[in-house]
Amino acid sequence: MRYIGFDMGDGESAVAAFEQGSGIEPIILPVCGARSLLSAVGMRNGEILIGESAYTDALAEGLSVRFKSRFTTDPACYEDVVRFVRGVLNDLRDGGRLAADDRFVVGCPAGWNAACRARYRDLLVRAGISAPQVISESRAAFLYAKYARTIAMDVDVLNESALVVDIGSSTLDFAYIVDGRETGVGTFGDTSLGGGILDAALLRRAVERCRERAAIRAVFSECRSWYSYCEIEARRVKEEYFTRLVDEAAPVVKKQVRVCYDGVQKLDLQLDNEEASHLVDEPLQELDGRTFAGAVREALENAARVTADRPPRLLLLTGGASRMPFFRELCSEIFETAIVISCPEPEFSIAKGLAYAGWIDENLRAFSEAIRTEITDERVSAIVHEAMPSLLPAVADSLVTLLLEEAAIPISQQWKNGDIATLQEMNDQIARRAERVLASPLAEEALAPVIRAWIAGLTDRLQSMVDPICDRYDVPRKQMRLNLTATGAGNVSVDAAGFVGLNLVGALLVVILSVLTGLLCGGEGIALVAAGPLGFLTGAVIGIIASLLGWGAVSHALLKAKIPPLLRRVNIEKRLRADSTRQKLRESMLNSLAGENSAFQKQVSEGFSKSFRGYVYSIAQAAEIPIE
């Protein structure tokens, strides 16, 4: 599979191709014989002309430039976009540089909203690109920086925080990366601030100085092609000046343009240090009276505010306009603690990054799908089922403590104090109280830490399902390291009332009543009736009745009897908290929880499987591009 990165810039365009699995960096595909193609389009005798051929020799009809910067505000430029893209495709196909299954990834300004991107994509389809992927140019710049061997970056620095600053002809875009991936801030920028503004200003100032300005303005108003031609020449003067400024203190670039429309007019374009100062430091109508340098400063200062919580340690500058020395100086001034790096070939970095993006995004889509289809309920549930025996004892202990402390002991104390008349009434109130407790948040709060600790113990087995998928799709294992204590990973909601049910409440009551009757009647070999002759007499009477009528009759009578306050002075709380009592309750609880059709096991298995699969799929979707 080959991925084609198409960087359609406002001033220059480039196309790069990346072959999946080749291990070779994206290569620039020449269009109309040029690696960097002038973004110009026109027609001649019904034929689409692009790049240099659109305005050399004979000027093309309807010559248009800077159509991308007008995309969001001028629907009239839509056809220019379609014609230009179609012209690029025609040249690539005619030269045998495109294959039928090539996949296109096209860049757009980070500041374009979803509606703009959708409209742009529709135009690309109209032009002949099948299923184009549209992503932000600043993200493409980041991917290029991550993968390109030509950028000598400190990977440790990039792992911490970085800001990609992409300034082209029409926009100033940012991509903020922390820990090797775009953050929630993601990409942002100014869709109306780029080097093309200086082209227009340079041309406008040249016309104002020209003695034939009235005639030239008349030509520009009547023929858009001639205006576009002159703006292209102004851009070239600007680019030559800023390129030479890197090595020369005071370069001077001059060019005379002949405007041949209604007669011939000569227009002198000139850029030196003084004129450059006027361009960047004087108010511009395109910026609502702001200066170009001031607008760039505002955008950079806003980026500094956006990233203030974790300031970037690295600034990566890309885009053709990043060659301007004043721009690099502003970046260093505003981000004074950051390392500032410029791409060696800024005019190609976006196209190459787009080509990388196509491969990366397709790979991650396949990876996410593999996670979704291979991490199944059945596989997760099998792991849960095998580990269930280690969970049940802790669950039983938690529920025993909860029911004793919140239901049995408080109600039995009320009976002891005389607030409840009979053991039967106490029995009924404990049953109702137990059911309310199990249905309340108390039950889930009691079980949550037990279940979380148990889930954490499943990590290694669950990780063993994920790691082979990572290896298959070249996703670093550390990027999919499971954290089952994270929010949502082990978020299993347990409805205790739903799985405990009447059987366990009944078991609880049986144990409690046996404790109380034992205390009252001296059962289990311990005389726990109130001390003194009255207690002895009562115990003896109960013993005689039991021998004549049987213990069942005594138990039934005791349930309904209004036992005198004196006889209720037994240490119920101590006996209910005794190890023997807790053990009986624990055994009853375990028998129910461990049953073949246990509602508890079903709840935990289904709940964890659902939450875990959702969690692992979410981190797969967020896997993005880690820095290694």
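Annotations
- Single residue of 389, 393 found to be within 24 Å of residue 600 (Cβ to Cβ), part of a helix (DSSP H, G or I) and open to solvent by less than 60 Å² (accessible area, probe 1.4 Å): 393
- Whichever residue in region 457-469 is touching a residue at least 60 places away in the same chain (Cβ under 8 Å) and in a helix (DSSP H, G or I) and, among such residues, is most open to solvent (accessible area, probe 1.4 Å): 461
- Boolean, residue 207 is surrounded by fewer than 23 Cβ atoms within 10 Å (Cβ to Cβ), touching a helix residue (DSSP H, G or I) at 6+ places or on another chain (Cβ under 7 Å) and modelled with pLDDT of 60 or more: yes
- Count - residues of region 37-72 that are surrounded by fewer than 21 Cβ atoms within 10 Å (Cβ to Cβ) and either touching a Ser or Thr at 6+ places or on another chain (Cβ under 9 Å) or among the basic types (Lys, Arg) (or both): 6
- Top-ranked residue in region 551-576 [being under 18 Å from residue 428 (Cβ atoms), assigned to a helix (DSSP H, G or I) and open to solvent by 70 Å² or more (accessible area, probe 1.4 Å); ranked as modelled with the highest pLDDT]: 560
- Residue 288 free of Cβ contacts under 8 Å to residues at least 12 places away in the same chain and among the acidic types (Asp, Glu): yes
- Restricting 453, 497, 439, 448 to those that are at pLDDT below 70 and either exposed (fewer than 15 other Cβ atoms within 10 Å of the Cβ) or over 20 Å from residue 412 (Cβ atoms) (or both) reduces the list to 497.
- Checking each residue in region 340-376 for being modelled with pLDDT under 90, polar (S, T, N, Q) and out of contact with any Phe, Trp or Tyr (no Cβ under 9 Å at 6 or more places or on another chain) picks out only 342.
- Condition check for residue 329: over 30 Å from residue 439 (Cβ atoms) and assigned to a helix (DSSP H, G or I): yes
- Selection of region 298-320 for residues being assigned to a helix (DSSP H, G or I) and more than 14 Å from residue 174 (Cβ to Cβ) yields only 320.
- Those residues of region 336-359 which are in contact with a Cys (Cβ under 9 Å, 6 or more places away or on another chain) and assigned to a helix (DSSP H, G or I), in sequence order: 349
- Count of region 116-155 residues which are open to solvent by 20 Å² or more (accessible area, probe 1.4 Å), modelled with pLDDT of 90 or more and in contact with a helix residue (DSSP H, G or I) (Cβ under 7 Å, 6 or more places away or on another chain): 4
- The listed residue being open to solvent by less than 30 Å² (accessible area, probe 1.4 Å), in a helix (DSSP H, G or I), of a type in the set (Val, Ile, Thr) and over 25 Å from residue 598 (Cα atoms), out of 383, 371: 371
- Single residue of region 21-36 satisfying the filter (β-branched (Val, Ile, Thr) and open to solvent by 50 Å² or more (accessible area, probe 1.4 Å)) that is nearest to residue 8 (Cα to Cα): 27
- Test for residue 83: is it open to solvent by 60 Å² or more (accessible area, probe 1.4 Å), more than 22 Å from residue 194 (Cα to Cα) and under 38 Å from the mean Cα position of the chain (by Cα): yes
- Exactly one residue among 169, 192 is in contact with a helix residue (DSSP H, G or I) (Cβ under 6 Å, 6 or more places away or on another chain) and modelled with pLDDT under 80, and that residue is 169.
- Summed over region 251-285, residues that are open to solvent by less than 40 Å² (accessible area, probe 1.4 Å) and either in contact (Cβ under 8 Å) with a residue 24 or more places away in the chain or more than 21 Å from residue 227 (Cα to Cα) (or both) total 13.
The values are calculated or read from the model by the stated rules, or taken from the named source; none is laboratory data. Computed from a predicted model, the values in this text were never measured in an experiment. Please note: Cβ atoms are built from the backbone with ideal geometry, for glycine as well, and neighbour counts cover all protein chains shown. Heads up: the accessible areas ignore ligands, DNA and RNA and are worked out on the full protein's heavy atoms, side chains in. Shrake-Rupley method; radii C 1.70, N 1.55, O 1.52, S 1.80 Å.
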